[in-house]
Amino acid sequence: MSRTVRAALLQAEWTGDKESMIEKHIDYAKKAADEGAQVMCFQELFYGPYFCQVQDSEFFAYTEPIPNGPTTERMQKLAQDLNMVLVVPMYEVDGVGVYYNTAAVIDADGTYKGKYRKTHIPHLPGFWEKFYFRPGNLGYPVFDTAVGKVGVYICHDRHFPEGARALGLNGAEIVFIPSATSRGLSQHLWRIEQTSHAIFNTYFVGTINRVGIEPLGDDDFYGESYFCDPKGQFIGDLGSDHEEELIVRDLNLDMIQEVRDTWHFYFNRRPDQYGLLVQDTVPVDNPRSEPVAVPAK
């Protein structure tokens, strides 16, 4: 008997305020449940605008504790009512002035399973994230849920293969990557990086991008949310590049072991040769020489 999971993503336009944004996502979650979805992921910082286009302390007001915050508790009730696993990206406060870009994972019975904190934090025009977030410090957890083993990576993280591999080594079967990405420099990578993570780590990926132009900047979020399988193949069409859209797809998790048995990527790994990858070193011209340590800045 095949392990087929029906999964959903939502690429949504900003409504103008937090409460209506939450209500929009609740309504779409109910629509996804009506279509048989068993798991759903919301977009990065789902209940707010992507405020990192500017640096303004007024947006610290969007923070909430995770768990035991009002939105987490509301999503736990929703998950239980819909019998649906939810991946819910929010702006977390963890002590005075300590903020993270975080996704809560909630099981289909409403149980809070844990959270992932965005690890790689960009800081450049249009993406002033170090003003708002500390780098994540929880590693790359994988959560055992009603639909299987679920991992999360968030937006800028997708440019880094190390965390994607760690999720695979930790047993992920489905990795959700919620994002807020505007047209421009990295758009051509959108269909390459995340399909590559799926291939090299043999798991399914569901990735979301916002859509539309938000009032804090002129950047146009280009949507194109999608699911892909461990062969790197898109499952159905990509989302619209301009319109809000609910995407519901069937994932046959049996493919994971089939691909692993075919390609042997994990079997043929050589971790004994990868030490330099986790050291702050600069390679020298002679590959046989000892690595040179990077001076402290």
* Dipole of the stretch 89-129, Cα-centred, from +1 at each Lys and Arg C-beta and -1 at each Asp and Glu C-beta, to the nearest 20 debye? -> 100 debye
* To do: Name the residue farthest towards the positive end of the dipole of the stretch 4-293 from the options Thr181, Pro125, His197, assuming +1 on Cβ of Lys and Arg, -1 on Cβ of Asp and Glu, about the Cα centre.
  => His197
* According to a simple spin-label model (label point 7 Å from Cα along Cα-to-Cβ), what is the distance in nm between Glu243 and His123? -> 4.1 nm
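Taking neighbour Cβ counts within 10 Å as the exposure measure, how do Glu44, Glu73, Glu23 sort from fewest upward? Show your work: numbers first, answer last.
Details: Glu44 25, Glu73 16, Glu23 13.
By the 10 Å Cβ count, ascending, the order reads Glu23, Glu73, Glu44.
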* Asked: What share of the DSSP beta bridges in the chain is antiparallel, in percent to the nearest 5?
  -> 70 percent
* When the chain is fully extended, how far beyond the present Cα-Cα distance does Arg3 get from Arg74, taking 0.36 nm per residue of separation? -> 22.6 nm
* Structure fact -> Treating only Lys and Arg (+1) and Asp and Glu (-1) as charged, each at its beta carbon, one finds that the chain has a dipole about its Cα centre, in Debye to the nearest 20, of 940 debye
* **Cα centre as origin, Lys/Arg/Asp/Glu Cβ charges: the stretch 117-231 dipole, Debye** => 260 debye
* Structure fact -> Count of lysine pairs, the chain, Cα-Cα under 18 Å, sep. 8 or more residues or interchain, comes to 9
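Quick check on the chain: helices-only [θ] at 222 nm, where DSSP H runs of length 4 and up contribute -39,500 (n - 2.57) each and the sum goes over total residues. Nearest 500, please. Intermediate results must be reported in sequence, preceding the final value.
Working: 5 runs with 61 residues, N = 297.
Helix contribution divided over all residues of the chain: -6500 deg cm²/dmol.
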* **Shape call, the stretch 4-293: gyration tensor on alpha carbons, a/c limit 1.5** => oblate
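Set the Förster distance to 45 Å, then compute FRET efficiency between Thr15 and Gln273 from the Cβ-Cβ distance, nearest 0.05. If you can, show how the numbers build up before the last one.
Values: r = 50 Å, r/R0 = 1.12.
Result of the calculation: an efficiency of 0.35.
All of the numbers you see were taken from the coordinates with simple rules; none came from a lab. The shown structure was predicted, so the numbers you read here are calculated from the model rather than taken from an experiment. No Cβ is skipped: glycine too gets one built from the backbone with ideal geometry, and neighbour counts run over all protein chains shown.
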